[in-house]
Amino acid sequence: MNRKVGDVMTPEFIYVHPDTRLTRVLQLMVEHRIRSIIVLDGTQKLVGIIAREDVITALKATARD
């Protein structure tokens, strides 16, 4: 465990904007086999992270309404 983050990180990353549709987020997660995606605003500032569980919960709530 002496390795540093820079040794194992992925330099290319996938991100979405706050106005990205949840269906698109889920599509990206499945397509790239990832469980979470960072959310950046228009100035490329980190504003959050969305996990697969967040998307599924939101889609279930929408389906109930």
Completion exercise
Of the residues in region 8-49 that are aliphatic (A, V, I, L, M) and free of Cβ contacts under 8 Å to residues at least 12 places away in the same chain, the one that is farthest from THR62 (Cα to Cα) is VAL8
Exercise for the section: Could you tell me whether region 33-44 includes any residue that is surrounded by fewer than 10 Cβ atoms within 10 Å (Cβ to Cβ) and in contact with a Phe, Trp or Tyr (Cβ under 9 Å, 6 or more places away or on another chain)? Expected result: yes
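Throughout, read-outs are computed from the coordinates displayed, never taken from laboratory work. The structure displayed is predicted, hence computed values, not measured ones. Ideal geometry is used to build each Cβ from the backbone, glycine not excepted, and the neighbour counts take in all protein chains shown.
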